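As C-alpha cells, the structure follows; a few thoughts come after it.
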Amino acid sequence: MKTNEKNKAVIEDTRESVSFGTRDKDFSKEPLCLSGRGVTRVFQTGKVTTVAVDHVDFDFHKGELISIVGESGSGKTTLSKMLLGLLEPTDGEIMFQGKPRDISTGAKKREYWKGIQAIFQDPFSSYNVFHKIDSVLLDCIDMRGGRNLPKEKKIEMMTEACSFVNLKFAELTNKYPFELSGGQMQRLMIARIFLLKPNILLADEPTSMIDACSRATILDMLLKLRDETGMTVIFITHDIGLAYYISDSVYIMEHGKFVESGKPDKVMLEPEAAYTKRLISDVPKIHEPWDLSTVDLLNYQS
Ligand SMILES: Nc1ncnc2c1ncn2[C@@H]1O[C@H](COP(=O)(O)OP(=O)(O)OP(=O)(O)O)[C@@H](O)[C@H]1O
Ligand SMILES: [Mg+2]
C-alpha cells in the first residue's frame, strides 16, 4: 500500500475510535466571529526587544474548535491576551464578528467580555481567594443579566451548572476556591462557562494541572458545551496529539508566527513545515490511544 493510502486507512480507523464531533464540517461557510490581520505584539524591556507575536492572520468561525499549538515561548498566551482584549497589539487589526473590534472604553470592554470568556492554565490564579464559590457563580448569573432573579432561581441555575460538570452545588456552597482540588477547580471553571454561555471560549492549557483521566472528562465537557451552545472554542496547547484529537482547525505557532494551519488531517498527516514535523515526532507514547504514533510512523516512511 502507498503511504497516502495507508494514511487514509489510519484516518478512517482513528475516526471510528474517537468521537470527532464536527471535524468534517466546512466552517468557512459559517459567520466569522474573530479574525486578525498582521496581529503583532512587541515587548520592550530595557534594551531587549521581544517579538512575541509576529504578524499572524487568522479566521475563526462560529462553532469552530480551533487549536493553537506551539512550544513554550512561541507566543500563545500573548496572542490569547490580545484576543481577550487584555493586551493591545502593537501592530495589525483584530475583527470581532466581521467588524473592527472596538474596546476603547471600559463599557465597550465589558460588552466585549460578554461574548468572549477564558479559562486559564492555572485555575488557582483565576479566582479571587476571598470570594466564596457561591459568589464566583453568582457573578456569572449577574453578568448575564440575572441579578434580579429570585434566589431560588439562582440556586437552581448554580445547581444545574455544577451538575453539568459532575459537581454537587450543595457540597460547594460556603466553601472557598482553595478548599477544592485542582480537578474540581477546573470543573468549576467550566461550570462558570456553562452559566456565562459566551460566543467564544478561549482555553489556555485548561487541562495542564490534572491527571489524564480527569483531563479526558474535562475535554468531553468542553466539547459537549460547544455542541450544546454552538460557541467557538480556541484551545491553546503544547500538545499536538490532543489538538489532532479535538480540533476542527489547527494553527501551528513557532517564534510568534503561524508556520502552518488548516484541517488537522491535512496539517498532521501531510505536514509541510519542519517545525510541525518535529512536533509530531515528539508526540509521547501517552497519545497512543489516539493513534497518532501510528500516523506518525506511516508519515515518516515517505
Ligand atoms: N509582559 C512581557 N514582557 C516581556 N516579554 C514577554 C512578556 N510576556 C511574554 N513575553 C515574552 O514573549 C514570548 C512569548 O511568551 P508567551 O507567554 O506568549 O509564550 P507561550 O507560548 O504562552 O509559552 P508557554 O507555553 O510557556 O505558556 C516569550 O519570549 C516571553 O518571554
Ligand atoms: Mg502560555
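The values are calculated or read from the model by the stated rules, or taken from the named source; none is laboratory data. Computed from a prediction, not measured in an experiment: that's the story for all the values here. Note: ideal-geometry Cβ built from the backbone for every residue, glycine included; neighbour counts use all protein chains shown.
A compact table of results
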{"quantity": "Qualifying residue in segment 201-209 (condition: more than 16 Å from ligand 2 (Cβ to nearest atom), of a type in the set (A, V, I, L, M, F, W, C) and crowded, with 18+ Cβ neighbours inside 10 Å)", "calculated": "yes"}
{"quantity": "Every residue from segment 62-94 that is surrounded by 17 or more Cβ atoms within 10 Å (Cβ to Cβ), away from ligand 2 (no atom under 16 Å from the Cβ) and over 17 Å from the mean Cα position of the chain (by Cα)", "calculated": "PRO89, GLY92, ILE94"}
{"quantity": "Residue in segment 108-122 that is within 13 Å of ligand 1 (Cβ to nearest atom), more than 20 Å from ALA191 (Cα to Cα) and either modelled with pLDDT under 90 or assigned to a helix (DSSP H, G or I) (or both) present", "calculated": "no"}
{"quantity": "Helices (runs of 4 or more DSSP H) wholly inside segment 135-245 containing at least 2 residues that are without any contact (Cβ under 8 Å) to a residue 24 or more places away in the chain", "calculated": "151-164, 169-172, 212-229"}
{"quantity": "Unique match (being modelled with pLDDT of 85 or more and either within 30 Å of GLY145 (Cα to Cα) or among the charged types (D, E, K, R) (or both)) among ILE252, ILE240, ILE200", "calculated": "ILE200"}
{"quantity": "Test: residue in segment 204-223 that is within 16 Å of ligand 1 (Cβ to nearest atom), farther than 15 Å from LEU279 by Cα, modelled with pLDDT under 85 and aliphatic (A, V, I, L, M)", "calculated": "yes"}
{"quantity": "Test for GLY92: is it in contact with a Ser or Thr (Cβ under 7 Å, 6 or more places away or on another chain) and either more than 30 Å from GLU254 (Cβ to Cβ) or among the small types (Gly, Ala, Ser) (or both)", "calculated": "yes"}
